[in-house]
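One structure below.
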Amino acid sequence: MSERTAVRGSSLSGIGLGIGANLIWGLAFLVPVLLPEFSPVAVTLGRYVCYGLLSVALIVFTGTRLRGHSWPVWRSCLLFAVTGNVGYYFLLVQGIALVGAPVVAVVIGTLPVTVAVYGNLRRREFPFSRLALPVGVILIGLVAVNVSEIDFSGLGGRSLGEQLLGLGCAVLALAMWTWFGVANAQFLRTHPQISSADWSTLIGVATLGLSVLAAPLLLVTGDAVGRGIGADSLWFLLLGSLVLGVLVSWGGTLLWNQASGRLPVSVAGQLIVFETISGLVYVFLASGKTPPLLGVAGMAVVLTGVVIGIRQARTA
């Protein structure tokens, strides 16, 4: 086998792994929709408790070291657990509850461009004039999606204030993961002695600690789990938490790490659009609804802007 053939095969497998990771990540938009009776707090804690317990189990069976790391390393670990996991997903689920999954999915779908912009602010890798076109296209698409999905009359059971608050949650979640994505990549570059697998496990442990600490405070609120929840329904929460914690958080990240090792970052970044596409497809299939034409057009415009933005970064 020639070297060129081997490289091409590695790239193809990397693309397959990357698409698989994002198809799994799209489930993060579907599960809250399938568990509408449970609060965002319950769904978030269930996901990350399962993820954390899996990380602890992996430490026990693989011998990953918890000791020997400096305080700055653990500080970064805790901060990333908030911005990349617990805080980010709580805002995402809260946004879905307030404004609906389609709007949230499309806002989060702009991550490739927001990461590129913020990353360029940090490293100045290409002129910002290259981002003017994709950012403008994305904003037009977001306007179209929001006009088609937000019920300004409030007849859908959500007030205009709730819908705007939900949109704000989605934007804040986008900002948090954008910072996390750039900061986490920088951390791994400056700490080569910590492998990607070990770092994911350490963040899982930190996530579990934060979830345990936050649970008593969140449970004192009257709607920490949900209203009118019976014991039989808790099994659905457990199943959803396992899917989110084991499959989405751990399995999706594992596939993504493998894909990232076989692909240039700029190529891997383009595959993030499949998370948005799959999330929207899952939600519409589960609800049995057909998306409005303006919404479909807006989603297409957003995804087009994302692709343009990443290609602009690649040619810098």
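The values are calculated or read from the model by the stated rules, or taken from the named source; none is laboratory data. Owing to the predicted nature of the structure, the values given are computational and were not obtained by experimental measurement. Methodologically, a virtual Cβ is constructed for each residue, glycine included, from the backbone with ideal geometry; neighbour enumeration extends over all protein chains shown. The area values use the complete protein model at the heavy-atom level, side chains included, leaving out ligands, DNA and RNA. Shrake-Rupley method; radii C 1.70, N 1.55, O 1.52, S 1.80 Å.
Summary of values
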item: Pair list, Cβ < 7 Å and 6+ apart or interchain, from region 9-37 residues that are part of a loop (DSSP other than H, G, I, E, B) and open to solvent by 20 Å² or more (accessible area, probe 1.4 Å) to residues that are modelled with pLDDT of 85 or more and of a type outside the set (F, W, Y); result: none
item: Failed item, numbered, when L45 is tested on (1) more than 14 Å from the chain's Cα centre (by Cα); (2) surrounded by fewer than 22 Cβ atoms within 10 Å (Cβ to Cβ); result: (2)
item: Residue, surrounded by the most Cβ atoms within 10 Å (Cβ to Cβ), within region 63-78, restricted to residues that are more than 12 Å from V205 (Cα to Cα) and in contact (Cβ under 8 Å) with a residue 60 or more places away in the chain; result: S76
item: Options L247, L285, L254: the member that is surrounded by fewer than 21 Cβ atoms within 10 Å (Cβ to Cβ), at pLDDT 85 or above and within 24 Å of L202 (Cβ to Cβ); result: L247
item: Residue within region 166-177 that is at negative phi, modelled with pLDDT of 75 or more and in a loop (DSSP other than H, G, I, E, B) present; result: no
item: Test: residue in region 289-297 that is over 21 Å from V137 (Cα atoms) and either at pLDDT 80 or above or part of a helix (DSSP H, G or I) (or both); result: yes
item: Residue match in region 128-150 (condition: open to solvent by less than 50 Å² (accessible area, probe 1.4 Å), more than 30 Å from S287 (Cα to Cα), outside any helix (DSSP H, G or I) and at pLDDT below 75); result: no
